[in-house]
Each structure stands twice: as structure tokens, then as C-alpha cells.
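Novice: Sharing a structure, written as C-alpha cells. Questions coming.
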Amino acid sequence: MEFSNSYELLKELKKKNLLKNRPKFWWPGYGTFEVVLGAVLTQNTKWENVEKALQQLKVKSEKLKVEEIASYDPVYLAELIKPAGFYNQKSKRLIALSRNILRDFGDFETFKENVDREWLLNQKGIGFETADSILCYACGRDVMVVDAYTRRLLKKHGYEFESYDEMREWCERGIEENWDKLKEDYGTSFNLCYARFHGKIVEFMKKR
Ligand code: EA1
């Protein structure tokens, strides 16, 4: 694979048809509170373990509503999310996050429309990657998530970055500068290319 900017990288990945068995915007439950839960649960563990934790949660509450999580007892929630590891800490953080969503926004739909990166980064246990995952995949914003897979892929091709934000900006810049070409590739109705771009990177790197 050869590329000199993120648009060329996206084009290379696009050829590989990596999302054919995935939801359109890659993350299961795109646009729902389930993504918020998954984004926190996936910290320091494998996605397969997150899926187990989410499955156990869904047995108790099929819709995974923010109101429910906010009302759970931390010991009970910890038991349900055990497969994802660091369960006591994640339980407390998910409950606090859910309560803060309800306190500051009233409901999940209002949260989706109005939350920003700063609010998310002020929550305990939410760093850049988690915040951007929530913005992109739960709230439907055009934000690129970069993660360990992205760092490893770019490093392999000679691109190294000082910080998370520098890597994210590299990914977004190449897309923005080639927006016209991208529209031709995908058709005029195309949006949310960052959701698919990051999804393609993860699917590509998981196999290596
Ligand atoms: N797969 C590996 C995933 C991941 N993080 N890491 C994943 N699939 C859906 N995901 C969401 C988040």
C-alpha cells in the first residue's frame, strides 16, 4: 500500500472492501447510547470482551437506555460488565457519565445534538479516543477517531506523530483537501466518511 496523504490511504483501503459484513457506519448500534457504553468498555481490552459485556447488559435491559444505566447500583453493573475488565472502575464511570448526561442535557437525544468535545473530556475516564468515538459514532459528527491501530498503520508507512491531535489532524486534512474528489468517488449524498474511514482501518489492522 502506498499513500502520501489520508485521502490516498482511504482510497487504498476502499479497494479492499473491508466493511462488506459490517453496518453502514461500522460501529454496531451507531447513533445510540450503546456506542457510549462500548466506547468506555473498550478501554484497555479487546472488542470481543466488550461484545460479551454488552450482551449481558442487553439481557437486563434490551434498549440500553441512559436512564437505566444512571439508576443501576455500581456493584450490580460491575457484575454485568465483568467480561470487559476493570469492571469496578468502568461501572462507576458509566453510572457517573449517564447521570451527568441526564443532569446537563435531560435526555440522550439532546445530548447527541449538543454535547461537545470539551464536555466529554471533562468526564472522569474519558480521553481523546473515547471522546471522539462518542462524537463520531454515537452523535454522528464528522470527527475522525484515531487509535492504536491507526498509529501502528501510519507508523509502518513512515508517519509518526507527537500527539493524538496531530495524528487526527493529519487524517482529517487529507480528506478535507480532497473533498471534491471524495464526493466523486462516493456520490454527492456521501457524508460521515470518517466513521467508515476509521472502521476500515480497524478492520484492516485486526487481520494483521
Ligand atoms: N474492533 C476492534 C472494534 C474495536 N473498537 N476494536 C469495534 N468494532 C465495533 N469497535 C466497534 C470498537
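Novice: Kindly establish whether residue 124 is away from the ligand (no atom under 16 Å from the Cβ), in a helix (DSSP H, G or I) and either of a type outside the set (Phe, Trp, Tyr) or surrounded by fewer than 16 Cβ atoms within 10 Å (Cβ to Cβ) (or both). Working first, answer last.
Specialist: Details: away from the ligand (no atom under 16 Å from the Cβ): yes; in a helix (DSSP H, G or I): no; either of a type outside the set (Phe, Trp, Tyr) or surrounded by fewer than 16 Cβ atoms within 10 Å (Cβ to Cβ) (or both): yes.
Answer is no for this residue.
Novice: Moving on. Filter segment 147-181 for residues that are part of a loop (DSSP other than H, G, I, E, B) and of a type in the set (Ser, Thr, Tyr) and give the result.
Specialist: Once the filter is applied, which keeps residues that are part of a loop (DSSP other than H, G, I, E, B) and of a type in the set (Ser, Thr, Tyr), segment 147-181 yields 159, 163.
A short reminder: the numbers here are calculations on the coordinates, not readings from a lab. Because the structure is a prediction, the values reported are computed rather than measured. Here Cβ is always computed from backbone atoms with ideal geometry, including for glycine, and neighbour counts include all displayed protein chains.
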